[in-house]
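J.: For reference, the structure I am asking about is given below.
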Amino acid sequence: MNGAEALIRTAAGAGVEVCFANPGTTEMHLVAALDAAPGIRAVLALFEGVVTGAADGYARLSCKPALTLLHLGPGFANGIANLHNARRASSPIVNVIGDQATWHLAADAPLTSDIESLARPVSRWLRKAATAAALASDTAEAIAAARARSGGVSTLIVPADCAWGESPGPVPAKPVEPRPGVAFSAVDAAARRLRASESPVLLIGGDALGRRGQIAAARIGAAARARVFLGTFPACVERGAGLPPLPKFPYFPEQGVELLSKATDLVLAGVPEPVAFFGYPKLPSRLTPETCRITVLAEPDQDATPALEALAEALGAKPDAGVRGTREDFPVATGKLDSETLGRTLARLQPEGAIVVDEAATSGAQWFSLAGGAAPHTVLSLTGGAIGQGLPNAVGAAIACPGRRVIAFQADGSAMYTVQSLWTMARENLDVTVLVCANRAYRILKVELARADITHPGPAARALTDLQPPALDFVSLARGLGVPAERAENAEQLAAALGRALATRGPSLVEAVI
Ligand SMILES: Cc1ncc(C[n+]2csc(CCOP(=O)(O)OP(=O)(O)O)c2C)c(N)n1
């Protein structure tokens, strides 16, 4: 058996089920090994940002690592932005990057580059395989490292001669370090602060974004009169009827500062202290005032859910305390499409159990709060701010959860970074409904120009923030990539088109012109 086959058999034995790939010559033995050692689904993506973003979406829902198969430094580099997002989401991923044969590196052939330097910033575990014989155990270590604690990105660089060289065979999975629990003293400290606090705020993230964590948080909120928020960019959060309709901590720093200005205590569970997304003149990095004491109940990679439940008990919270949202009858939206009519239409039509990948940017502003009253669903969001995450995440989510409807709620500018995802949706016949919010601008950048008091942007500033002319034609783009599509110009057309798309098996796209 060669090293490549030992790698694939080791991964399959450790529970890996999917390999998102964009291979080249240095990966040919790995490509062949996927047939020689079946058990891992091989999914081709036409750009590496789709490969890595799909692995991220898959990990967020399955909590399992997929393999990515990438071609040397340049192929990997194309995938870095979505690995940055994956790192922020604590997604377990195992990158397998082919490299020149060890003895060929000295020749400095055109594709040769310093892969380790590219990989280090996004990898919690990084190794370049040294021999074919050790490749299986390298793989087992990479997988265990990706799964350790709350999850992260492992990168294994595989020189071509390690893939084709002789191996003694696969090795068993290595033990995985579990997510650490929270000490009783941390629960006790938080309980003491909350009992004494005049105006406490509780911020939750990580594993606390599941049902149990949110219900415990709402109970704490009721018992301690605390305002409860979700972190601003939740990696994966359960929402909708039956859950407390918790708001997200605001995006703009002025709003964060205002929200915390009167807080006497801030308790963090599974989420870091909130900071401004960017530095602005005259605004702070940290949003918490000096007068507000911060207590960490659970660090982002600790088990926040049991800690919140223990805290609720410590505070004597009633089991059913905290508001549970009921399902709302959203009135049918009519007329012009904007964030409100778009949000209402989606909240009304999204089916129970939907997975909504939210990269709708400014157009999605209204939907999230409205959807607190929608049918129960799961939301993935843009964890690391590197746009182009939404469509690839939707690919991975659909592969992780074949029985569920995935809705890619997608801004147009961000869609274009990884639009090749549509082809993989078609190729794999994934149940993804793509709703493109076509405002034909980088609208948030126009907002930021105004925030910087640039009230009359010049022609260059307008050229760099307008997406027309020419207007992107998402219907043609989608059709060209194998996905049926239609355009909606008002709320009535959107409801009809979205209704059809959601009732159709396989992928489809609706371009909502707003
Ligand atoms: C990888 C990456 N490149 C560039 C940016 C800068 N950026 C942030 S938002 C944005 C435009 C977003 O436009 P769109 O997706 O159409 O959403 P809208 O603001 O119009 O709602 C850009 C270019 C970024 N965040 N990430």
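The values are calculated or read from the model by the stated rules, or taken from the named source; none is laboratory data. No experiment lies behind these values; they were computed from the predicted model shown. FYI the Cβ positions are ideal-geometry reconstructions off the backbone, even for glycines, and counts take in every protein chain you see. We work out accessible area using only protein heavy atoms, side chains counted, and drop any ligands, DNA or RNA first. Shrake-Rupley method; radii C 1.70, N 1.55, O 1.52, S 1.80 Å.
J.: Quick check on the chain: of the DSSP beta bridges with both residues there, what percent are antiparallel, nearest 5%? The partial results should precede the final answer.
T.: Numbers: 6 of 70 bridges.
Taking every DSSP beta bridge with both residues in the chain, the antiparallel ones total about 10 percent.
J.: Another question about this same structure. Let's see if you can work this out: charge +1 on each Lys and Arg Cβ, -1 on each Asp and Glu Cβ, no other charges. What is the dipole magnitude of the range 1-139 about its Cα centre, in debye to the nearest 20?
T.: For this selection, approximately 540 debye.
J.: Using bins 10 angstrom wide from zero, how does P(r) for the range 235-282 break down, in % of all Cα pairs?
T.: 18, 47, 29, 5, 0
J.: Something else about it: Ranked highest first by the average count of other Cβ atoms within 10 Å around their residues, in what order do 453-460, 296-303 fall?
T.: 296-303, 453-460
J.: Something else about it: Determine the sum of side-chain charges near Ala33: Lys and Arg each +1, Asp and Glu each -1, restricted to other residues whose C-beta is under 15 angstrom from that of Ala33.
T.: Its environment carries a net charge of -4.
J.: What accessible area per residue comes out for the range 363-476, rounded to a whole number of Å², with a 1.4 Å probe?
T.: 36 Å²
J.: While we're here: Return the Rg/Rh value of the range 442-507, two decimal places, where both radii are evaluated on C-alpha atoms and Rh is the Kirkwood radius.
T.: Details: Rg = 17.0 Å, Rh = 14.7 Å.
Here the Rg-to-Rh quotient is 1.16.
J.: So what is the calculated 222 nm ellipticity per residue for the chain, using -39500 (n - 2.57) for each DSSP H run with n of 4 or more, over all residues, to the nearest 500 deg cm²/dmol? Walk me through the numbers on the way to the answer.
T.: On the way: 21 runs with 190 residues, N = 514.
The per-residue figure over the chain is -10500 deg cm²/dmol.
J.: Further question: Take every Cα pair under 8 Å in the chain that's 6+ residues apart, average their separations, divide by the length, and report that relative contact order as a whole percent.
T.: 14 percent
J.: Within 10 Å, count the other beta carbons around each residue, average over each peptide in 108-120, 140-152, 461-473, 342-354, and list them highest first.
T.: Details: 108-120: 14.5, 140-152: 23.3, 461-473: 12.5, 342-354: 21.8.
The most tightly packed comes first, giving 140-152, 342-354, 108-120, 461-473.
J.: Right, another one. Give me, ordered by chain and number, the residues 5 or more places off Arg405 or on other chains with an amide H under 5 Å from its own placed amide H.
T.: It is Ile355, by chain and number.
J.: Identify all lysines with a Cα-Cα distance to Lys64 below 23 Å; exclude those on the same chain that are fewer than 8 residues away in sequence.
T.: Those lysines meeting the cut-off are Lys128, Lys174.
J.: For the range 359-499, rounded, prolate or oblate, judged on the Cα gyration tensor with a ≥ b ≥ c (square roots of eigenvalues), a/c < 1.5 rounded, else prolate if a/b > b/c?
T.: Judged from the Cα gyration tensor, the range 359-499 comes out prolate (a/c at least 1.5, a/b above b/c).
J.: What ratio of Cα Rg to 2.2 N^0.38 Å holds for the chain?
T.: Taking N as the residue count of the chain, the ratio is 1.00.
J.: By a straight-distance test (C-alpha under 25 Å), which lysines pair with Lys282 as possible cross-link partners, with residues fewer than eight away in the same chain excluded?
T.: Lys248, Lys262, Lys446
J.: Run through every distinct alpha carbon pair of the range 122-203 and return the Kirkwood hydrodynamic radius in angstroms, one decimal place.
T.: In the range 122-203 this quantity evaluates to 15.9 Å.
J.: Tell me, rounded to the nearest percent, the portion of alpha carbon pairs in the range 11-85 spaced more than 22 Å apart.
T.: Working: 504 of 2775 pairs.
Of all Cα-Cα pairs in the range 11-85, 18 percent lie more than 22 Å apart.
J.: When the Cα atoms of the range 247-390 are enclosed in a convex hull and the volume is divided per residue, what value in Å³ results?
T.: 165 Å³
J.: Let me ask something else. First check a/c for the range 389-467, with a ≥ b ≥ c the square roots of the eigenvalues of its C-alpha gyration tensor; if it is under 1.5, answer rounded, and if not, answer prolate when a/b is larger than b/c or oblate otherwise. Don't jump to the answer; show the numbers that get you there.
T.: Working: a/c = 4.05, a/b = 2.95, b/c = 1.37.
Prolate shape, in that a/c is at least 1.5 and a/b is the bigger ratio.
J.: Still on this structure, I have one more. Can you give me the C-alpha center-to-center distance between the range 323-398 and the range 1-60, rounded to a whole angstrom?
T.: Computed from Cα coordinates, the inter-centre distance equals 31 Å.
J.: At q = 0.14, 0.28, 0.31 Å⁻¹, what is the base-10 log of I(q)/I(0) for the range 125-170 according to the Debye formula with one equal point scatterer per Cα and no solvent? Please give it to two decimals.
T.: Values, matching the q order: -0.33, -0.95, -1.07.
J.: Could you check how much of the accessible area of the chain is carbon and sulfur, as a whole percent, using a 1.4 Å probe? Spell out each step's value before the answer.
T.: Details: 11350 of 20330 Å².
That fraction is 56 percent.
J.: Same structure again: Do you know the relative contact order of the range 53-203, to the nearest whole percent, from alpha carbon pairs under 8 angstrom that are 6+ apart?
T.: Relative CO of the range 53-203 lands at 24 percent.
J.: Let me ask something else about it. Which residue, Ser113, Leu7, Leu311, has the largest displacement toward the positive end of the dipole of the chain when charges sit on each Cβ (Lys, Arg +1; Asp, Glu -1)?
T.: Leu311
J.: Which shape class applies to the range 66-204: rounded if a/c is under 1.5, otherwise prolate when a/b exceeds b/c and oblate if not, where a ≥ b ≥ c are the square roots of the Cα gyration tensor eigenvalues?
T.: prolate
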